[in-house]
Amino acid sequence: MEHASSTQEIPPHGDVPRHVAIIMDGNGRWARRRRLPRIAGHRRGVEAVRGAVRCCVERGIEYLTLFAFSSENWRRPDEEVALLMQLFQRALGNEVRKLHANGVRLRIIGDAARFDPKIRELIEAGERLTSPNRRLTLTIAANYGGRWDVLQALSRLVRERPGVAAGQIDEAALAPYLAMSYAPEPDLFIRTGGEQRISNFLVWQLAYTELYFTDTLWPDFDAQALDAAIASYRDRERRFGRTGEQVEEAKRAQSLAIDPRRRAGTAV
Ligand code: IPE
Ligand code: IPE
Ligand code: MG
């Protein structure tokens, strides 16, 4: 399915964001404050993921994308990386059936080549099992980097279209090769843990996403914290480079559409 590009069209705007992308940061600090090992914070982080999935389903959010492990996180101490991998493997093993029972489609984005074969098998099986589900698409970014994504898309495009002229490579040509081509661009980005940076998350897809930063540490991020982020999103005017008047006109046109669930973007 083709999704509107925010640099080309105004995507449909509702009170609830269609796609929420989160940098789940602050697990280590959460643990340190309690004099616990960092991994205890990561374990509580998995519980917060369960809560976030439930909240998103309840609120009718269609896509939830979570940054779980960046391509730069391999630089952490070996022990923390090994424990994080163990936790990822266990979560995949334990949660997929429950996700499936709740109508959640699971996708993993990132370079899976570096993962243990057991993790790769669990990813493939989990994605296959949940592929028909549409209630919520849960994407976990693991060994993901935004720059890696743009580069892998470009190299796949060139490989699959040998002889493609440089002038033919535009946004529309690249889009199908990006790791999240199945999803619309995020409407709302949340980063917990107080830092105000993107840390090589979805660098292409966040071009016009509303950014929300909170000091709340990820293990403490609950339904109330999510609702505060959504309320902040609701109050913003997304202009996509246009004037406020143009945006109002586009919104009127969208609400006049016969089918209120119409998803097509409105070109202005
Ligand atoms: C985020 O929490 C989880 C991962 C990056 C895997 P951190 O582990 O970065 O927590 P802080 O930032 O050290 O508190
Ligand atoms: C970003 O958090 C990556 C994830 C949450 C997976 P980091 O804790 O790695 O980010 P920096 O190092 O503070 O930028
Ligand atoms: Mg961190």
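Projecting label points 7 angstrom from Cα along Cα→Cβ for Arg76 and Arg161 puts them 3.8 nm apart. Descending by average beta-carbon neighbour count within 10 Å, the peptides 62-75, 10-23, 171-184 line up as 10-23, 62-75, 171-184, the highest first.
The accessible surface of the chain, taken with every protein chain in place and a 1.4 Å probe, is 49 percent carbon and sulfur. Evaluating kT/(6 pi eta Rh) at 4 °C and 1.567 mPa s, with the Kirkwood radius of segment 97-233 over Cα pairs in the Stokes-Einstein relation, gives 76 µm² s⁻¹.
Scattering from the chain was approximated by placing one identical point on each alpha carbon and applying the Debye formula without solvent; log10 I(q)/I(0) at 0.13 1/Å stands at -0.91. For segment 158-184 versus segment 115-139, the spacing of their alpha-carbon centroids is 24 Å.
Entry note, the chain: the mean residue ellipticity at 222 nm calculated from DSSP H runs of n ≥ 4, each adding -39500 (n - 2.57), is -13500 deg cm²/dmol after division by the residues and rounding to the nearest 500. Under the convention that each Lys and Arg Cβ holds +1 and each Asp and Glu Cβ holds -1, the size of the dipole of the chain around its Cα centre is about 780 debye.
The values are calculated or read from the model by the stated rules, or taken from the named source; none is laboratory data. Since we're looking at a predicted model, the values are computed, not measured. Quick reminder, even Gly has a Cβ in these numbers, built from the backbone with ideal geometry, and neighbours come from all protein chains shown. Each accessible area value is taken on the protein alone, full model and side chains, heavy atoms only, with ligands, DNA and RNA left out. Shrake-Rupley method; radii C 1.70, N 1.55, O 1.52, S 1.80 Å.
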